[in-house]
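Single-structure report; data block below.
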């Protein structure tokens with residue numbers, strides 16, 4: 001017998017005397033997923049027996065055991081006839097053993113440096129329990145660094161991706177992998193195929209573990225490092241559905257809300273109308289309106305509200321079906337309430353009026369703006385030109401569209417059409433365009 005793998009077999013301390021009779025062993029694996037099952041009553045004696053009796057040994061894995069407890073130069077019972085080191089020794093999760101300076105092995109899995117962590121990722125790729133601990137160590141390494149420069153980010157990236165793809169159903173491992181991934185991808189110049197692999201791994205992890213808030217947040221934060229929408233177009237619909245689902249499941253987590261609304265807004269920019277219609281069909285407009293209502297209920301105008309209105313502006317641009325979705329979801333009433341509450345928030349008002357401008361461009365929907373309250377709001381905003389003419393310009397555009405529908409369309413309003421026309425013309429002359 002040349003190979004003996006006893007990974008995760010408990011109470012191996014009882015079998016040491018039997019193992020050392022297998023004198024032809026070259027590969028011996030005594031590693032454990034947890035230190036709880038890897039405790040030896042007399043660890044130094046047990047290790048001494050192994051290395052002095054198994055003279056053909058080239059690979060020894062004692063990860064997650066105490067066999068190398070309290071290492072010092074004299075603790076390594078090197079055989080008197082050992083002229084060359086082991087090819088491999090596994091010392092991951094062995095307290096400080098992997099930090100020892102004179103380990104008699106060419107390759108070491110451990111947590112002392114980047115090479116050891118990379119080796120651990122390679123060796124334990126099929127062992128979920130141990131691999132999760134290695135991924136946690138990878139996260140610590142690539143987040144906080146090491147005394148030596150880190151140079152193997154690309155290898156680490158592909159190993160972490162393999163781990164996540166091969167253990168998709170393991171939520172704890174997925175969380176550890178996604179956290180590690182976030183810090184690794186910052187340092188890798190990824191080609192197109194690698195970017196697709198990363199995005200796919202993140203979406204699969206989020207899709208499978210939607211209830212895990214930390215997992216969802218990790219994935220969304222990592223997605224923010226990509227060029228949106230360009231680098232996610234290959235899986236555009238899937239991401240849109242997932243982001244809407246996240247808003248449904250995690251609406252109490254403000255940070256996740258902010259990230260998701262930001263991502264949705266980025267997805268709504270610079271894409272064709274068909275893709276905007278897709279996003280609208282997944283319920284994104286209604287979900288964003290719900291987020292805005294929650295903020296309004298707490299009288300809070302924050303990033304979620306501002307970017308939420310920006311998303312609605314972008315998703316309705318030249319997309320009448322999305323304008324209709326907004327109107328059917330009582331969006332105009334929410335516009336009115338938000339304006340009443342936050343009329344001095346310039347960025348918010350700018351975003352809201354951009355959206356109203358999109359509705360005003362749709363002939364079949366413009367009649368829903370024919371309301372004295374709305375016309376008074378639009379007219380009041382004509383004079384808002386202190387920092388920029390954008391709000392004034394959008395308001396003038398909305399009113400110009402409404403005026404173009406003729407006198408009959410204004411018959412139910414108390415505001416005079418001629419008065420509105422005069423105001424639009426007057427403000428236009430006052431704009432400083434150069």
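Scan 385, 403 and give me the residue that is in contact with a helix residue (DSSP H, G or I) (Cβ under 9 Å, 6 or more places away or on another chain), without any contact (Cβ under 8 Å) to a residue 40 or more places away in the chain and more than 24 Å from residue 266 (Cα to Cα). Break it down into steps so the answer makes sense when it comes.
On the way: 385 fails: without any contact (Cβ under 8 Å) to a residue 40 or more places away in the chain.
The unique qualifying residue is 403.
Is it the case that the stretch 14-26 has a residue that's in contact with a helix residue (DSSP H, G or I) (Cβ under 6 Å, 6 or more places away or on another chain) and either more than 18 Å from residue 68 (Cα to Cα) or touching a residue at least 60 places away in the same chain (Cβ under 8 Å) (or both)? Write out each step before concluding.
Narrowing the stretch 14-26 to residues in contact with a helix residue (DSSP H, G or I) (Cβ under 6 Å, 6 or more places away or on another chain): 16, 20.
Right, trim to either more than 18 Å from residue 68 (Cα to Cα) or touching a residue at least 60 places away in the same chain (Cβ under 8 Å) (or both) and you get none.
No, the conditions are met nowhere in the stretch 14-26.
Taking the options 354, 397, name whichever one is at pLDDT 95 or above, more than 35 Å from the chain's Cα centre (by Cα) and under 20 Å from residue 316 (Cα atoms). Explain how you work it out, then say what you get.
Working: 354 fails: more than 35 Å from the chain's Cα centre (by Cα).
Going through 354, 397 in turn, the sole match is 397.
Among the residues of the stretch 46-58, is there at least one that is loosely packed, with under 15 Cβ neighbours inside 10 Å, under 18 Å from residue 104 (Cβ atoms) and either free of Cβ contacts under 8 Å to residues at least 24 places away in the same chain or over 41 Å from the mean Cα position of the chain (by Cα) (or both)?
Residues of the stretch 46-58 loosely packed, with under 15 Cβ neighbours inside 10 Å: 55-56.
Going one step further and asking which of them are under 18 Å from residue 104 (Cβ atoms), we end up with 55-56.
Retained after the next criterion (residues that are either free of Cβ contacts under 8 Å to residues at least 24 places away in the same chain or over 41 Å from the mean Cα position of the chain (by Cα) (or both)): 55-56.
Scanning the stretch 46-58, I find at least one residue that is loosely packed, with under 15 Cβ neighbours inside 10 Å, under 18 Å from residue 104 (Cβ atoms) and either free of Cβ contacts under 8 Å to residues at least 24 places away in the same chain or over 41 Å from the mean Cα position of the chain (by Cα) (or both), so the answer is yes.
Where in the stretch 239-332 are there helices (runs of 4 or more DSSP H), lying wholly inside it, with at least 2 residues that are over 19 Å from the mean Cα position of the chain (by Cα) and farther than 19 Å from residue 224 by Cβ? Spell out the reasoning first.
On the way: elements: 254-268, 273-281, 284-297, 303-316, 320-328.
By residue number, 273-281, 284-297, 303-316, 320-328.
Give the stretch 214-238 a look and list any residue that's assigned to a loop (DSSP other than H, G, I, E, B) and buried (at least 18 other Cβ atoms within 10 Å of the Cβ), or say none. It would help to see each step written out before you state the result.
Within the stretch 214-238, the subset assigned to a loop (DSSP other than H, G, I, E, B) is 224-229.
Correct list: 226, 228, 229.
Please verify whether residue 355 is out of contact with any helix residue (DSSP H, G or I) (no Cβ under 8 Å at 6 or more places or on another chain) and either buried (at least 17 other Cβ atoms within 10 Å of the Cβ) or within 21 Å of residue 415 (Cα to Cα) (or both), treating the condition exactly as stated. Outline the logic, then answer.
Numbers: out of contact with any helix residue (DSSP H, G or I) (no Cβ under 8 Å at 6 or more places or on another chain): no; either buried (at least 17 other Cβ atoms within 10 Å of the Cβ) or within 21 Å of residue 415 (Cα to Cα) (or both): yes.
Against the criterion (out of contact with any helix residue (DSSP H, G or I) (no Cβ under 8 Å at 6 or more places or on another chain) and either buried (at least 17 other Cβ atoms within 10 Å of the Cβ) or within 21 Å of residue 415 (Cα to Cα) (or both)), residue 355 does not qualify.
Identify all residues within the stretch 337-362 that are free of Cβ contacts under 8 Å to residues at least 12 places away in the same chain and assigned to a loop (DSSP other than H, G, I, E, B); write none if there are none. Give the steps one after another, and end with the answer.
As a first pass, look at the stretch 337-362 and keep what is free of Cβ contacts under 8 Å to residues at least 12 places away in the same chain: 340, 343-344.
Matches in the stretch 337-362: 343, 344.
The values are calculated or read from the model by the stated rules, or taken from the named source; none is laboratory data. Since we're looking at a predicted model, the values are computed, not measured. Virtual Cβ from ideal backbone geometry, glycine too; neighbours counted across all protein chains shown.
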